[in-house]
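Novice: Once you've had a glance at the structure underneath, I'll fire off some questions.
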Amino acid sequence: MKFGTVGTSWITESFIEAAKESGKMELTAVYSRSIENARKISGKYDASQVYDDLEGMAANEEIDAVYLASPNSHHYEHAKLFLRHKKHVICEKPIFSNTAELEDAYQVAEENGVFLFEAMRNIHSPNAKLLKEQVDKAGKLRSAVFQYIQYSSRYDRFLEGERPNIFSTDFSGGTLVDLGVYPISLAVYVFGEPEKVSYHPVMLESGVDGSGTLVMEYDGFICTILCSKIAHSFTPSEIHGEQVSLVLDHVAPINKISLVDRKTKKSEKLGEPLNENDMIYEIETFAKIIEENDLEAYHELTDYSRAVLRITETARKQNNIVFGTEK
């Protein structure tokens, strides 16, 4: 399957490398607003074509799929362009700014007989699947704490007076939609969609959340999501049952899972070694769905994306965090 990329950041290069390793996708075209940047990436990874014109790239009939890693606020318009040209679209998380955009884009994908995927890499890893299989050993669930707290170097630029995309409402930024989506997606994958959510952010002067605590209410237990781009944490994430607690070294990806018995305090270590570039798992999943036209697996993924976006949109509305695309 031949694919093109939109965006030239490190995440794009990681995707290209994982795609090559998977053997499922071949890089054909690279787009950047700067043709020189496009040439640098194409030269590094042997892509045959470069573009600084999205319309021209979309019209290329050789391209089967496109990986989008443009700024968050551009995902919707870019995705629809390629979907209308009958290209499968793999859109980097967060997929879109709100659920209205998502539903419209899904409709466009369906009308053109192609798939629209969100590149939420952590739920495709083998250890996420293992966690989902093992969670019943906890007994009755009572609480969970999932965290992704990682200081961003771009925050230093923010403090110096710049406005990086991720700290700007104009580019649909903020911590919840950038880092928070990882623990949220894992919670939805393992527990399902919560009955109720409430978000308590630490706001920055640019109108986005620098950090925050999201409370996800389920029947009988609470999952607390901690996320931040203005601090750093060294603590694990946990699921607490009446019989066993499950300790995760990280949420994206999970490398190690420990099952700790409440009574004996004995710990059982689980988790298989992961590929160094864990984007390979989502690529293998998407390629398989396309190859087999597996609508059941596809709709399962679209349901996850819908649920996560509903949660972040609700949380933003509770705190009057309004993106530029919504004004």
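The values are calculated or read from the model by the stated rules, or taken from the named source; none is laboratory data. Since the model is a prediction, treat every value here as computed from it, not as a measurement. We place every Cβ from the backbone using ideal geometry, glycine too, and count neighbours over all the protein chains shown. With ligands, DNA and RNA removed, areas are computed over all heavy atoms of the protein, side chains included. Shrake-Rupley method; radii C 1.70, N 1.55, O 1.52, S 1.80 Å.
Novice: Right, Ile95: more than 27 Å from Phe167 (Cβ to Cβ) and touching a residue at least 40 places away in the same chain (Cβ under 8 Å) or not?
Specialist: Spelling it out, it is not the case that Ile95 is more than 27 Å from Phe167 (Cβ to Cβ) and touching a residue at least 40 places away in the same chain (Cβ under 8 Å).
Novice: Would you be able to tell me the number of residues in the stretch 228-240 that are β-branched (Val, Ile, Thr) and exposed (fewer than 14 other Cβ atoms within 10 Å of the Cβ)?
Specialist: Summing the residues that are β-branched (Val, Ile, Thr) and exposed (fewer than 14 other Cβ atoms within 10 Å of the Cβ) in the stretch 228-240 gives 1.
Novice: Hey, can you tell me all the residues within the stretch 241-263 that are over 24 Å from the mean Cα position of the chain (by Cα) and either within 20 Å of Ile184 (Cβ to Cβ) or open to solvent by less than 60 Å² (accessible area, probe 1.4 Å) (or both)?
Specialist: Selection gives Gly241, Val244, Ser245, Ser258, Leu259, Val260, Asp261.
Novice: Just to be sure I understand, how many residues within the stretch 277-327 are assigned to a loop (DSSP other than H, G, I, E, B), surrounded by fewer than 19 Cβ atoms within 10 Å (Cβ to Cβ) and either modelled with pLDDT under 95 or of a type in the set (Val, Ile, Thr) (or both)?
Specialist: 2
Novice: Inside the stretch 190-228, can you point out the residues that are acidic (Asp, Glu) and touching a residue at least 24 places away in the same chain (Cβ under 8 Å)?
Specialist: Glu193, Glu195, Asp209, Asp219
Novice: Somewhere in the stretch 133-145, is a residue within 26 Å of Phe15 (Cβ to Cβ) and either touching a Ser or Thr at 6+ places or on another chain (Cβ under 6 Å) or not acidic (Asp, Glu) (or both)?
Specialist: no
Novice: Can you tell me which residue is surrounded by the fewest Cβ atoms within 10 Å (Cβ to Cβ) among those in the stretch 159-208 that are farther than 30 Å from Lys132 by Cα and acidic (Asp, Glu)?
Specialist: Glu160
Novice: Checking the structure you have, find out if any residue of the stretch 31-44 is modelled with pLDDT of 95 or more, open to solvent by 10 Å² or more (accessible area, probe 1.4 Å), closer than 17 Å to Tyr281 by Cβ and not charged (D, E, K, R).
Specialist: no
Novice: Among the residues of the stretch 136-146 satisfying the criterion of being closer than 20 Å to Val215 by Cα and touching a Leu at 6+ places or on another chain (Cβ under 9 Å), which is surrounded by the fewest Cβ atoms within 10 Å (Cβ to Cβ)?
Specialist: Ranking the candidates gives Val145 first.
Novice: Now for a separate question. What number of residues within the stretch 229-249 satisfy the criterion of being under 16 Å from Val135 (Cα atoms) and free of Cβ contacts under 8 Å to residues at least 40 places away in the same chain?
Specialist: 2
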